[in-house]
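**Student:** One structure, pasted below without further comment.
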Amino acid sequence: MTKNIILIFGLVLVLVNVVFADNYKVNKISGIYIEGLINIKEKTVLKKIKSKTGKPYSESKIKADFQTMLEMEYFDNVSVLVDTSTWKITFKVKEKPYIKRINFKGNKKISRGSLMSEITLKEKTYYELLKLQESKDKIMVLYGDKGYADCKMEVYPTINEKTNEMTLSFLISEGNRILIGGVEITGTKVYKAKKIKGKMDKVKKKKVFKEENLKNDIDAIKEFYKNNGYIQIQVDEPKITYNKERTQMFISMNISEGKKYKVGNISFSGNIVFTDSQIKKDVTLKPGSLYQEEKFKESQQAILELYSDKGYLNCQVVPKFTPDQEKGIMDILFDIKENSVIYVGRIYVDGLTNTKEFVIKRELVIREGDVFSASKVRRSIEKIHNLGFIDAVDPQILPTDKRDVMDLSLNISEGKPGMLSAGAGYSSVDQLVGTLQVQHINLFGRAERLNLTWEFGARRQNYEINWTEPWFLNKPVSLGLGLFDTEVTRDYGSIFSAYKEGRKGGTISVGPRLNEYLSLFFTYTYAHVSVFDINLDTPTQASSNVVPTSDVTSSIATQIAWDTRDNIFDPSKGGRQSFSLQIAGGPLGGNINFIKPVLRNSVFIPTFWKFVLSINSTLGMIQNYGSSSDIPVYERFYIGGADTVRGYEYRSEIGPIQGGKIEYVYNVEYKFPIVQEKKHSVIVGAIFFDVGGTWNNPGDLNLEIGSNERDSATNTITKFRMKSGAGFGIRFTTPVFPLRLDWGYGFNHEPGESMSQFYFSIGNIF
């Protein structure tokens with residue numbers, strides 16, 4: 001019985017398979033054909049589509065292929081036929097005309113090459129109506145920019161029906177070149193017409209007229225009046241006339257100056273979050289002062305920023321003016337619509353290729369769920385730029401399905417994180433010198449820094465390795481390790497190559513960041529320092545503290561720093577104040593004992609546009625203690641050269657020749673951008689003034705500027721004065737390898753010294 005059931009079941013399966021076999025048959029494409037091709041090769045089209053002969057038929061693929069062919073630049077129209085009996089697929093196409101030649105006729109003032117480079121239609125491409133219109137517009141703009149405002153143009157296409165090849169002919173009637181013959185200003189009473197015409201930068205006699213230039217110049221006139229109290233200034237629609245030959249155009253503008261106003265009462269309405277007195281602190285307009293549009297806009301923007309810092313991104317500030325013409329007073333009401341607080345939803349980081357996302361996110365001072373503070377967003381962007389390997393950060397605020405929540409998207413453009421540099425040169429002083437340096441400031445995409453340096457020359461050999469992890473154990477703490485081996489030939493006063501100084505050792509540094517601006521640094525240094533090959537012959541020289549030594553310095557330095565700079569590589573505002581204390585010897589070991597406190601203050605003040613005034617002052621002292629009877633020559637303060645007082649040689653022209661135990665340096669720089677890329681200064685110019693001095697003891701400190709005071713009988717120096725210098729320079733502000741080229745002139749040189757110096761150095765001066 002069981003065998004019979006199995007047999008019957010098997011027969012049923014066979015019958016089902018026979019009956020429904022067609023439903024399971026795979027339909028394969030027998031062929032793909034393209035009809036209507038003239039200039040396009042069939043294989044060019046077949047390469048673009050997904051359907052292939054011998055492969056299973058797929059309706060979704062056919063639809064995708066149809067869309068692909070429509071999007072090709074070759075066809076005006078595409079249709080598809082599928083023969084289900086043979087599964088042959090036929091695409092019928094209508095090719096766009098192939099542009100074989102573009103001709104220009106009538107163009108005498110603009111060459112064919114210039115016209116061809118301007119238009120979007122090109123020879124040996126396929127005709128598109130949209131590109132033809134774009135080309136016509138571009139030609140008309142080109143002629144208009146050159147003063148041919150009456151230029152007219154017709155386009156005639158001819159097509160060879162057999163080859164589907166097109167010849168396009170642009171027939172141009174250039175007309176006369178029309179220049180501005182004159183500008184007339186009428187209606188002015190307060191200012192002379194000549195003064196107002198001076199505010200027009202672009203629309204001038206013998207210049208080509210452009211509508212946009214006229215609009216900008218009218219805006220400049222209005223801005224001038226409004227910044228001088230004439231808030232109701234009106235400029236009538238300009239009247240334009242032509243001479244008989246239509247070679248000159250004349251522009252006439254009538255101005256209604258209105259009354260001059262001072263600022264009256266300033267009031268606020270609608271404000272609940274901030275009181276009137278809190279808002280007034282940020283308002284630069286003051287009652288009784290002359291009305292200035294510039295200060296009004298600053299005040300309006302300041303109110304918006306005050307609210308945006310608290311998350312009121314949708315805040316609106318609408319001004320209402322109430323003039324008193326008799327008194328010449330303008331009352332201003334700032335009507336504030338606060339709207340609701342906005343919170344941060346998700347924060348997205350896009351555009352990264354090498355850098356890990358957490359490297360960017362850990363720099364943010366704004367977090368998901370925080371109030372959407374505009375100032376925190378700005379500060380976050382500054383900190384991202386301070387990483388050194390980010391070229392640009394484009395923030396975007398994205399709406400969400402929640403009314404009071406918005407997402408923040410940061411689109412990052414990465415720069416070059418590493419650099420291999422090499423250089424060599426020769427001078428009569430240093431002889432052959434060279435440098436090979438490898439720097440990487442985004443190692444493994446984790447913002448780790450690695451620096452390998454080799455400096456070589458007849459008077460200098462230096463090997464350095466430095467590595468820094470900015471977030472040790474994912475905490476806001478930097479960890480740095482370094483090794484160095486340096487040998488330098490030193491001068492002593494007027495003695496060239498007086499002795500050699502060698503240093504070998506290493507450093508370990510830890511820098512916890514306490515908050516956004518406050519940081520601590522701890523650095524331990526172990527160094528073996530030697531002074532050898534001494535070349536001092538006279539008794540005076542021999543009595544100096546340049547003696548053969550082989551010392552071990554073991555020291556720890558602590559520093560506290562308050563840093564509010566917006567950009568640590570090229571600051572435009574903020575400052576950095578620091579106090580450091582280095583202690584060597586004692587319980588740390590070694591045979592050199594000293595204490596060295598240094599106080600430094602740097603301030604960066606924006607002036608106008610991107611001009612920045614930078615001021616720095618440094619006060620340092622060093623004092624021996626314990627078994628050390630004096631400070632060795634290699635630990636003393638020396639100034640002059642590229643990093644302190646420019647215009648003087650390093651170590652030999654300011655202060656005692658054996659170095660000082662106290663120093664004071666004051667620098668002023670005025671910097672301005674020369675070349676910018678992506679809104680960042682790449683090349684910066686600077687003019688500077690430096691002053692400074694060193695002394696043996698605090699009691700010798702003398703803040704007078706001038707030549708040193710000497711004994712008339714022995715001509716020996718009895719009092720060291722500070723010396724000053726000034727000059728100019730160029731900064732190449734690449735974060736990986738910042739370079740400075742300076743020329744300094746010293747005002748207080750001693751007889752026989754060179755009055756000026758050139759410097760080429762690495763790193764910022766402060």
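The values are calculated or read from the model by the stated rules, or taken from the named source; none is laboratory data. Please read all numbers here as calculations on a predicted model, not as lab measurements. Cβ: placed from backbone, ideal geometry, glycine included. Neighbour counts: every protein chain shown. With ligands, DNA and RNA removed, areas are computed over all heavy atoms of the protein, side chains included. Shrake-Rupley method; radii C 1.70, N 1.55, O 1.52, S 1.80 Å.
**Student:** If we scan region 683-698, do we find a residue that is surrounded by fewer than 13 Cβ atoms within 10 Å (Cβ to Cβ), without any contact (Cβ under 8 Å) to a residue 24 or more places away in the chain and not acidic (Asp, Glu)?
**Tutor:** Just the residues of region 683-698 that are surrounded by fewer than 13 Cβ atoms within 10 Å (Cβ to Cβ), to begin with: 697-698.
With without any contact (Cβ under 8 Å) to a residue 24 or more places away in the chain added as a condition, the list becomes none.
Checked against the condition, which is being surrounded by fewer than 13 Cβ atoms within 10 Å (Cβ to Cβ), without any contact (Cβ under 8 Å) to a residue 24 or more places away in the chain and not acidic (Asp, Glu), region 683-698 yields no hits at all.
**Student:** Also, quick follow-up: Please find, among 192, 100, 202, the residue that is open to solvent by 40 Å² or more (accessible area, probe 1.4 Å) and in contact (Cβ under 8 Å) with a residue 24 or more places away in the chain.
**Tutor:** 100 is the lone residue from the list that is open to solvent by 40 Å² or more (accessible area, probe 1.4 Å) and in contact (Cβ under 8 Å) with a residue 24 or more places away in the chain.
**Student:** Name the single residue that is surrounded by the most Cβ atoms within 10 Å (Cβ to Cβ) among those in region 339-355 being not hydrophobic (A, V, I, L, M, F, W, C) and not in a loop (DSSP other than H, G, I, E, B). Spell out how you get there, then give the answer.
**Tutor:** The initial filter retains those residues of region 339-355 that are not hydrophobic (A, V, I, L, M, F, W, C), namely 339-340, 343, 345-346, 348, 350-351, 353-355.
Restricting the remaining residues to those that are not in a loop (DSSP other than H, G, I, E, B) gives 343, 345-346, 348, 350.
Values: 343: 16, 345: 19, 346: 12, 348: 13, 350: 11.
The extreme case among them is 345.
**Student:** Here is a follow-up. Can you say whether residue 158 is without any contact (Cβ under 8 Å) to a residue 12 or more places away in the chain and more than 44 Å from the chain's Cα centre (by Cα), as far as the supplied structure shows?
**Tutor:** On the way: without any contact (Cβ under 8 Å) to a residue 12 or more places away in the chain: yes; more than 44 Å from the chain's Cα centre (by Cα): yes.
Against the criterion (without any contact (Cβ under 8 Å) to a residue 12 or more places away in the chain and more than 44 Å from the chain's Cα centre (by Cα)), residue 158 qualifies.
**Student:** Considering only residues of region 274-285 that are crowded, with 16+ Cβ neighbours inside 10 Å and not in a helix (DSSP H, G or I), which is nearest to the chain's Cα centre (by Cα)?
**Tutor:** Per the stated criteria, the residue is 283.
**Student:** Are any residues in region 382-397 open to solvent by 30 Å² or more (accessible area, probe 1.4 Å) and under 24 Å from residue 306 (Cβ atoms), and if so, which ones?
**Tutor:** If the condition is that a residue be open to solvent by 30 Å² or more (accessible area, probe 1.4 Å) and under 24 Å from residue 306 (Cβ atoms), then 382, 383, 395, 396, 397 are the ones that fit.
**Student:** Let me ask another. Would it be correct to say that residue 332 is outside any helix (DSSP H, G or I), more than 33 Å from the chain's Cα centre (by Cα) and under 21 Å from residue 375 (Cβ atoms)? Can you show your working first?
**Tutor:** Numbers: outside any helix (DSSP H, G or I): yes; more than 33 Å from the chain's Cα centre (by Cα): yes; under 21 Å from residue 375 (Cβ atoms): no.
So residue 332 fails the test.
**Student:** Considering only region 697-704, I want to know if a residue exists there that is under 20 Å from residue 570 (Cα atoms) and in contact with a Gly (Cβ under 8 Å, 6 or more places away or on another chain). Write out each step before concluding.
**Tutor:** In the first step, residues of region 697-704 are kept if they are under 20 Å from residue 570 (Cα atoms); the result is none.
Looking through region 697-704, none of the residues is under 20 Å from residue 570 (Cα atoms) and in contact with a Gly (Cβ under 8 Å, 6 or more places away or on another chain).
**Student:** Determine if region 161-170 includes at least one residue that is open to solvent by 70 Å² or more (accessible area, probe 1.4 Å), out of contact with any Lys or Arg (no Cβ under 8 Å at 6 or more places or on another chain) and over 30 Å from residue 126 (Cα atoms). Write out each step before concluding.
**Tutor:** Residues of region 161-170 open to solvent by 70 Å² or more (accessible area, probe 1.4 Å): 161-162.
With the extra rule that they be out of contact with any Lys or Arg (no Cβ under 8 Å at 6 or more places or on another chain), the set shrinks to 161-162.
Right, trim to over 30 Å from residue 126 (Cα atoms) and you get none.
No, because not a single residue in region 161-170 is open to solvent by 70 Å² or more (accessible area, probe 1.4 Å), out of contact with any Lys or Arg (no Cβ under 8 Å at 6 or more places or on another chain) and over 30 Å from residue 126 (Cα atoms).
**Student:** On to the next question. What do you reckon, is residue 181 under 30 Å from residue 115 (Cβ atoms), modelled with pLDDT under 95, open to solvent by 40 Å² or more (accessible area, probe 1.4 Å) and not hydroxyl-bearing (Ser, Thr, Tyr)? Can you show your working first?
**Tutor:** Details: under 30 Å from residue 115 (Cβ atoms): yes; modelled with pLDDT under 95: yes; open to solvent by 40 Å² or more (accessible area, probe 1.4 Å): no; not hydroxyl-bearing (Ser, Thr, Tyr): yes.
Here the answer is no, as residue 181 does not meet what is asked.
**Student:** Could you count how many residues in region 709-766 are among the charged types (D, E, K, R) and either under 28 Å from the mean Cα position of the chain (by Cα) or not in a loop (DSSP other than H, G, I, E, B) (or both)? Steps first, answer last, please.
**Tutor:** From region 709-766, those among the charged types (D, E, K, R) are 709-711, 719, 721, 723, 731, 740, 742, 750, 753; that's our starting set.
If we keep only those that are either under 28 Å from the mean Cα position of the chain (by Cα) or not in a loop (DSSP other than H, G, I, E, B) (or both) as well, we get 709-710, 719, 723, 731, 740, 742.
Residues in region 709-766 being among the charged types (D, E, K, R) and either under 28 Å from the mean Cα position of the chain (by Cα) or not in a loop (DSSP other than H, G, I, E, B) (or both): 7 in total.
**Student:** In region 648-683, what count of residues is obtained for those that are farther than 20 Å from residue 585 by Cβ, in a loop (DSSP other than H, G, I, E, B) and not polar (S, T, N, Q)?
**Tutor:** Residues that pass the stated criteria total 11.
**Student:** Which condition does residue 391 not pass, out of (1) over 17 Å from the mean Cα position of the chain (by Cα); (2) under 25 Å from residue 568 (Cα atoms); (3) part of a strand (DSSP E or B), if it passes all the others?
**Tutor:** All conditions pass for residue 391, except number (1).
**Student:** Right, residue 570: surrounded by 18 or more Cβ atoms within 10 Å (Cβ to Cβ), acidic (Asp, Glu), more than 21 Å from residue 488 (Cα to Cα) and at pLDDT 95 or above or not?
**Tutor:** Working: surrounded by 18 or more Cβ atoms within 10 Å (Cβ to Cβ): yes; acidic (Asp, Glu): yes; more than 21 Å from residue 488 (Cα to Cα): yes; at pLDDT 95 or above: no.
No.
**Student:** Sticking with this structure for a sec: Residue by residue through region 370-380, note down the ones that are buried (at least 20 other Cβ atoms within 10 Å of the Cβ) and of a type outside the set (S, T, N, Q).
**Tutor:** Of everything in region 370-380, those that are buried (at least 20 other Cβ atoms within 10 Å of the Cβ) and of a type outside the set (S, T, N, Q) turn out to be 372, 374, 377.
**Student:** Further question on the same structure: Any residue in region 129-141 that is in contact with a helix residue (DSSP H, G or I) (Cβ under 9 Å, 6 or more places away or on another chain), open to solvent by 40 Å² or more (accessible area, probe 1.4 Å) and among the hydroxyl-bearing types (Ser, Thr, Tyr)?
**Tutor:** Of region 129-141, the ones in contact with a helix residue (DSSP H, G or I) (Cβ under 9 Å, 6 or more places away or on another chain) are 135, 138-139, 141.
Keeping just the survivors that are open to solvent by 40 Å² or more (accessible area, probe 1.4 Å) gives 138, 141.
Then keep just the ones that are among the hydroxyl-bearing types (Ser, Thr, Tyr); that gives none.
No: region 129-141 contains no residue that is in contact with a helix residue (DSSP H, G or I) (Cβ under 9 Å, 6 or more places away or on another chain), open to solvent by 40 Å² or more (accessible area, probe 1.4 Å) and among the hydroxyl-bearing types (Ser, Thr, Tyr).
**Student:** Considering region 217-273 alone, what residues qualify as being assigned to a strand (DSSP E or B), open to solvent by 70 Å² or more (accessible area, probe 1.4 Å) and within 25 Å of residue 304 (Cβ to Cβ)?
**Tutor:** The initial filter retains those residues of region 217-273 that are assigned to a strand (DSSP E or B), namely 234-235, 239-242, 248-256, 262-269.
Next, from what is left, pick out any that are open to solvent by 70 Å² or more (accessible area, probe 1.4 Å): 234, 239, 241-242, 248, 250, 262, 265.
262, 265, listed by residue number.
**Student:** Inside region 73-97, can you point out the residues that are of a type in the set (A, V, I, L, M, F, W, C) and open to solvent by less than 60 Å² (accessible area, probe 1.4 Å)?
**Tutor:** In the first step, residues of region 73-97 are kept if they are of a type in the set (A, V, I, L, M, F, W, C); the result is 75, 78, 80-82, 87, 89, 91, 93.
Selection gives 75, 78, 80, 82, 87, 89, 91, 93.
**Student:** Quick test of your reading of the structure: residue 108 fulfils all but one of (1) in a loop (DSSP other than H, G, I, E, B); (2) open to solvent by 70 Å² or more (accessible area, probe 1.4 Å); (3) free of Cβ contacts under 8 Å to residues at least 40 places away in the same chain. Name the failing condition by number.
**Tutor:** Going through the list (1) in a loop (DSSP other than H, G, I, E, B); (2) open to solvent by 70 Å² or more (accessible area, probe 1.4 Å); (3) free of Cβ contacts under 8 Å to residues at least 40 places away in the same chain, residue 108 breaks only (3).
**Student:** Right, here's the next one. When you check residue 645 against the structure, is it in contact (Cβ under 8 Å) with a residue 12 or more places away in the chain, under 40 Å from the mean Cα position of the chain (by Cα) and part of a strand (DSSP E or B), yes or no? Walk me through it before giving the result.
**Tutor:** Details: in contact (Cβ under 8 Å) with a residue 12 or more places away in the chain: yes; under 40 Å from the mean Cα position of the chain (by Cα): yes; part of a strand (DSSP E or B): no.
The answer is no for residue 645.
**Student:** Related question: Does at least one position in region 288-297 carry a residue that is farther than 28 Å from residue 186 by Cα, among the acidic types (Asp, Glu), out of contact with any Cys (no Cβ under 6 Å at 6 or more places or on another chain) and surrounded by fewer than 18 Cβ atoms within 10 Å (Cβ to Cβ)?
**Tutor:** no
**Student:** Now for a different question. Does at least one position in region 432-455 carry a residue that is surrounded by fewer than 16 Cβ atoms within 10 Å (Cβ to Cβ) and either modelled with pLDDT under 85 or under 21 Å from residue 649 (Cα atoms) (or both)?
**Tutor:** yes
**Student:** Here's another thing I want to ask about it. So how many residues does region 23-72 have that are open to solvent by 90 Å² or more (accessible area, probe 1.4 Å), part of a loop (DSSP other than H, G, I, E, B) and under 18 Å from residue 126 (Cβ atoms)?
**Tutor:** Of the residues in region 23-72, 3 are open to solvent by 90 Å² or more (accessible area, probe 1.4 Å), part of a loop (DSSP other than H, G, I, E, B) and under 18 Å from residue 126 (Cβ atoms).
**Student:** On to the next question. Can you tell me which residues in region 161-181 are closer than 20 Å to residue 146 by Cβ and of a type outside the set (Val, Ile, Thr)? Walk me through it before giving the result.
**Tutor:** Taking region 161-181 and keeping what is closer than 20 Å to residue 146 by Cβ, we get 170-181.
Listed by number, the residues that qualify are 170, 171, 173, 174, 175, 176, 177, 179, 181.
**Student:** Only one of (1) surrounded by 15 or more Cβ atoms within 10 Å (Cβ to Cβ); (2) of a type in the set (A, V, I, L, M); (3) touching a residue at least 40 places away in the same chain (Cβ under 8 Å) fails for residue 488. Which number is that?
**Tutor:** (3)
**Student:** A further question on this structure: Suppose the filter is surrounded by fewer than 18 Cβ atoms within 10 Å (Cβ to Cβ), more than 43 Å from the chain's Cα centre (by Cα) and of a type outside the set (Val, Ile, Thr); does residue 587 pass it? Talk me through it step by step, then tell me what you get.
**Tutor:** Values: surrounded by fewer than 18 Cβ atoms within 10 Å (Cβ to Cβ): yes; more than 43 Å from the chain's Cα centre (by Cα): yes; of a type outside the set (Val, Ile, Thr): yes.
Yes; evaluated as a whole, the condition is true for this residue.
**Student:** Which of (1) open to solvent by 60 Å² or more (accessible area, probe 1.4 Å); (2) in contact with a Gly (Cβ under 7 Å, 6 or more places away or on another chain); (3) closer than 14 Å to residue 766 by Cα is the odd one out, the single condition residue 526 does not satisfy?
**Tutor:** Residue 526 satisfies all of (1) open to solvent by 60 Å² or more (accessible area, probe 1.4 Å); (2) in contact with a Gly (Cβ under 7 Å, 6 or more places away or on another chain); (3) closer than 14 Å to residue 766 by Cα except (3).
**Student:** For region 532-560, enumerate the residues that are among the hydroxyl-bearing types (Ser, Thr, Tyr), open to solvent by 70 Å² or more (accessible area, probe 1.4 Å) and either part of a helix (DSSP H, G or I) or at pLDDT 90 or above (or both). It would help to see each step written out before you state the result.
**Tutor:** Applying the first criterion (among the hydroxyl-bearing types (Ser, Thr, Tyr)) to region 532-560 yields 538, 540, 543-544, 549-550, 553-555, 558.
Right, trim to open to solvent by 70 Å² or more (accessible area, probe 1.4 Å) and you get 540, 543, 550.
540, 550 - these are the residues of region 532-560 that are among the hydroxyl-bearing types (Ser, Thr, Tyr), open to solvent by 70 Å² or more (accessible area, probe 1.4 Å) and either part of a helix (DSSP H, G or I) or at pLDDT 90 or above (or both).
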